[in-house]
Amino acid sequence: MEYSVVIPVYNEVGNVRILHERLVKVMKRLRKKFEIVFVDDGSRDGTYQELLKLSPVTIIRFRKNFGQTAAMSAGFEHAKGRLIVYMDGDLQNDPEDIPRLIRRMKETNADMVTGWRKHRKDSFLKRLFSRFANSFRNLLIRDPVHDSGCSLKVFKKECFDDLDLIGEMHRYIPALLGWKGFSIAELPVKHYPRHSGKTKYGAKRLLKGLIDLISVWFWRKFSGRPLHIFGGIGILLGSIGFILAYITLILKIVNNIDLSSSFLPYLSIFLVILGVQFFVSGILADIAIKTYYRAGKTHNYNIRQITTNP
């Protein structure tokens, strides 16, 4: 198998047939063996029933809605192609750009090629949210591409051999792959208004993405050297505790002040214990979750059924 086209869909009943027809025409022109993999992320509008009418297609159906990152993870894991083409199911990207991205990959010998929506056709509010998120992302992780939010991408299969995709991590794939040493290229692509259905992008999803961005930044910066962060916090809180203790001693010994009812001794101990406990617990939990998924004991999704129509 040369190419796998992976498309997560959630309530896209009005788009999947049209997208499939366009994809089949484009992929056949490449004259290589290909598969089209739709991941139905718990759709409730008849998307799955519409997918069953298509051919050729492989349908991975989730038991419920687990989110775009989980759908991507399932699609990539089950893809058989040497190259993986990824795109959304909303018809905002043009399948005709796929051969251009593949040529770009061959010309640059890149491990990943991502589309760049120079002229976006989204609503003003969506573009505003995206611009804010891009600015924050570049501030923290210095994203190596102009438009990491563009869904149209081509990857070599080995990009996902050791890549954890949980939460809303799909939007940070270029940064994650760049940190692992994979080469990345980009190419301007066409972008269209949504054909039908409703966008899944909003303030709630933006907030989740920003929280995961902080996790990505922390993981990159400190996962290989946890003593730096733990030691830094320990020194900072220990210093604060020492200063408070010193002040307490001065007040008691020099000024002979009764501190039996004072909050200072307890505050120094409380801040040190509480701060270290909460922060370390959060980091250990994050590391434990990623280790759990990486060990292959479970996934962040649950598949109800896999159907293949040749």
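The values are calculated or read from the model by the stated rules, or taken from the named source; none is laboratory data. Computed from a predicted structure; not experimentally measured. Cβ placement follows ideal geometry from the backbone for every residue including glycine, while neighbour counts extend to all protein chains displayed.
So which residues in region 52-72 are modelled with pLDDT under 90 and of a type in the set (Gly, Ala, Ser)?
Taking region 52-72 first, the residues modelled with pLDDT under 90 are 66-70.
Within region 52-72, 67, 70 meet the criteria.
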(1) surrounded by fewer than 18 Cβ atoms within 10 Å (Cβ to Cβ); (2) in contact with a Pro (Cβ under 8 Å, 6 or more places away or on another chain): which one isn't true of residue 114, the others all being true? (1)
Checking residue 88 against (1) under 25 Å from the mean Cα position of the chain (by Cα); (2) under 24 Å from residue 144 (Cα atoms); (3) at pLDDT 95 or above, the condition it does not meet: (3)
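Return yes or no: is residue 133 touching a helix residue (DSSP H, G or I) at 6+ places or on another chain (Cβ under 9 Å) and either modelled with pLDDT under 70 or crowded, with 21+ Cβ neighbours inside 10 Å (or both)? Before you say what the answer is, go through the steps one by one.
On the way: touching a helix residue (DSSP H, G or I) at 6+ places or on another chain (Cβ under 9 Å): yes; either modelled with pLDDT under 70 or crowded, with 21+ Cβ neighbours inside 10 Å (or both): yes.
So residue 133 passes the test.
Does region 7-33 hold any residues that are in a strand (DSSP E or B) and either out of contact with any helix residue (DSSP H, G or I) (no Cβ under 6 Å at 6 or more places or on another chain) or not assigned by TED's automatic domain parsing to the domain that holds residue 159 (or both), and which are they? Full working, then the answer.
First, pick out the residues of region 7-33 that are in a strand (DSSP E or B): 7-9.
Result: 7, single match.
Counting just the residues of region 168-185 that are assigned to a loop (DSSP other than H, G, I, E, B) and among the charged types (D, E, K, R), which one comes out surrounded by the fewest Cβ atoms within 10 Å (Cβ to Cβ)?
The first filter runs over region 168-185 and keeps only residues assigned to a loop (DSSP other than H, G, I, E, B), leaving 168, 180-183.
So of that shortlist, the ones also among the charged types (D, E, K, R) come out as 168, 180.
Values: 168: 21, 180: 12.
Filtering first and then ranking leaves 180.
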Of the conditions (1) among the hydrophobic types (A, V, I, L, M, F, W, C); (2) outside the structural domain of residue 68 (by TED's automatic domain parsing); (3) in a helix (DSSP H, G or I); (4) at pLDDT below 75, residue 257 fails just one. Which one is it? (3)
Among the residues of region 34-72, which ones are under 24 Å from the mean Cα position of the chain (by Cα), within 19 Å of residue 83 (Cβ to Cβ) and part of a loop (DSSP other than H, G, I, E, B)? none
Residue 7: touching a residue at least 40 places away in the same chain (Cβ under 8 Å), surrounded by 18 or more Cβ atoms within 10 Å (Cβ to Cβ), in contact with a Gly (Cβ under 8 Å, 6 or more places away or on another chain) and not basic (Lys, Arg), yes or no? yes
Take residue 75 and decide whether it is surrounded by 20 or more Cβ atoms within 10 Å (Cβ to Cβ), of a type in the set (Gly, Ala, Ser) and not in a helix (DSSP H, G or I). no
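Would you confirm, using the coordinates I've provided, whether residue 49 is more than 23 Å from residue 94 (Cβ to Cβ) and either in the same structural domain as residue 97 (by TED's automatic domain parsing) or surrounded by 23 or more Cβ atoms within 10 Å (Cβ to Cβ) (or both)?
Numbers: more than 23 Å from residue 94 (Cβ to Cβ): yes; either in the same structural domain as residue 97 (by TED's automatic domain parsing) or surrounded by 23 or more Cβ atoms within 10 Å (Cβ to Cβ) (or both): yes.
Criteria met by residue 49.
Residue-wise test of (1) at pLDDT below 70; (2) in a helix (DSSP H, G or I).
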| residue | (1), (2) |
| --- | --- |
| 194 | yes, no |
| 215 | yes, yes |
| 220 | yes, yes |
| 224 | yes, no |
| 232 | yes, yes |
| 267 | no, yes |
| 280 | no, yes |
